[in-house]
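Here's the structure we're looking at; comments come further down.
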Amino acid sequence: MKLSQASAQIFVPDQLPLGVALPRTTHLGIGAHHDDLEIMAAHGILECFGNTERWFTGVVVTDGAGSARDFGYREYTDEQMKAVRRAEQKKAAYVGEYGAQFLLDHPSSAVKNATDSVLLTELVEILGVTRPEVVYTHNLADKHDTHVAVALRVIAACRALDPSARPQRLLGCEVWRDLDWLCDSDKVALPLDGREHLQSALTGVFDSQIAGGKRYDLATAGRRRAHATYSESHGTDRHSALSWGMDLTPLMHSGETEAHVTELLRRFESDVTARIRRLS
Ligand SMILES: [Zn+2]
């Protein structure tokens, strides 16, 4: 398949031809930046790891040019930084045994431009070729503009598909802002029990992001552990690690995106205020 950016790549860790590698996809992760997938879509990666019937394919939308840099990377140019981040993402794809890894290399500014349809067209094509059962992307309450823009383009791409070709499930996942605030009935639990060493490796290969002092590896593991314990106040822990998802599946078919999130916020507000009223 032809990707729009000249520098875009599709990396297949086991080197199978694309005609074999892409259609085997069952779980697709679409994230804005290099390392977002490993933070937010670990559930899909673990579901597929070591399973020849299930394959995780990753899509990183942006080029990494705007990445924060410090420590040994302080003097790196944008071009050098892009190369480092591409290499790190390929390391993660190899470690996680992904079926394939798309590096779409779009500038963030283009992703955030709602009138730019290049990415949308590309996502429609990727969804058409991979035909995943489940798609993991950013949640709509994330506080990073590029993350929310990617989620909006993914929703639009799913809508552009014939209904019979749409994934069965579309999940918005946690990076910049977690989903603990969702009412329990609105949370999608994504258990991450087991293979802690693999989860550590997947977040740990992104040296350029961590070495400067942002311990995404420890923070991500801590958040997963915290969710597992704080999910249930009256029961013992059922999971050792957990991440939360926002169910975006209905939005693939109909409805207004802003209204969908507003309703989730309204239910959260109602849960908080009803408890205060009841106990006052
Ligand atoms: Zn990101």
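Where a number appears in this text, it was derived from the coordinates with a stated rule and is not lab data. Computed from a predicted structure; not experimentally measured. Don't worry about glycine lacking a Cβ; one is built from the backbone with ideal geometry, like all the others, and counts go over all protein chains shown.
If R0 equals 25 Å, the separation of the Cβ atoms of ALA65 and ARG215 corresponds to a calculated FRET efficiency of about 0.60.
Histogrammed with a bin width of 10 Å, the alpha carbon distances of the stretch 102-246 distribute as 10, 33, 36, 19, 2 percent, first bin at zero.
The string of couplings for the stretch 125-141 from the Karplus curve (6.51, -1.76, 1.60, θ = phi - 60°) is 5, 4, 5, x, 7, 8, 6, x, 7, 9, 10, 9, 9, 6, 8, 7, 9 Hz, one whole number per residue in order, with x for Gly and Pro.
Averaging 1/r over each pair of different alpha-carbon atoms in the stretch 129-183 and inverting the result gives 11.9 Å, the Kirkwood hydrodynamic radius. Build a GNM of the chain with springs between Cα atoms under 10 Å apart, and of PRO163, PRO107, PRO13 the one that fluctuates most is PRO163.
Applying 1/(1 + (r/R0)^6) with R0 = 35 Å to the Cβ-Cβ distance of ARG177 and ALA6, what FRET efficiency is obtained, to the nearest 0.05? Computed FRET efficiency for ARG177 and ALA6 comes out at 0.55.
For the cross-link pairs LYS91/LYS112; LYS90/LYS214; LYS82/LYS214, the ones whose C-alpha atoms lie over 24 Å apart are LYS91/LYS112.
A DSSP coil position with no more than 10 other Cβ atoms inside 10 Å describes the following GluC sites (Glu not before Pro) in the stretch 74-125: GLU75. Build a GNM of the chain with springs between Cα atoms under 10 Å apart, and of THR130, THR62, THR262 the one that fluctuates most is THR262. In this rough spin-label picture, where each label sits 7 Å from Cα along the Cβ direction, the PHE268-ALA110 distance is 3.3 nm. Note on the chain: Rg/Rh from Cα positions, Kirkwood definition for Rh, rounded to two decimals, is 0.96.
Placing a pseudo-label 7 Å from each Cα along the Cα-to-Cβ vector at ALA160 and GLN80 gives an inter-label distance of 3.7 nm. Highest mean packing first, where packing is the average number of other Cβ atoms within 10 Å per residue, the peptides 25-35, 188-198, 51-61, 132-142 line up as 25-35, 132-142, 51-61, 188-198.
Taking the DSSP beta bridges in the stretch 1-106 as the whole, what percent of them are antiparallel, to the nearest 5? Approximately 25 percent, going by the DSSP bridge assignments.
Roughly what angle does helix 216-230 make with the longest principal axis of the chain, taking Cα atoms, 0 to 90 degrees, to the nearest 10? It works out to around 30 degrees.
For the chain, what does the relative contact order come out to in percent, with C-alpha contacts under 8 Å and a separation of six or more?
Numbers: 497 pairs, mean separation 59.4, N = 280.
In percent, rounded to a whole number, it is 21.
For the stretch 68-161, trypsin sites (Lys or Arg not before Pro) meeting the loop criterion (DSSP other than H, G, I, E, B) and having at most 16 other Cβ atoms within 10 Å: ARG74, LYS143.
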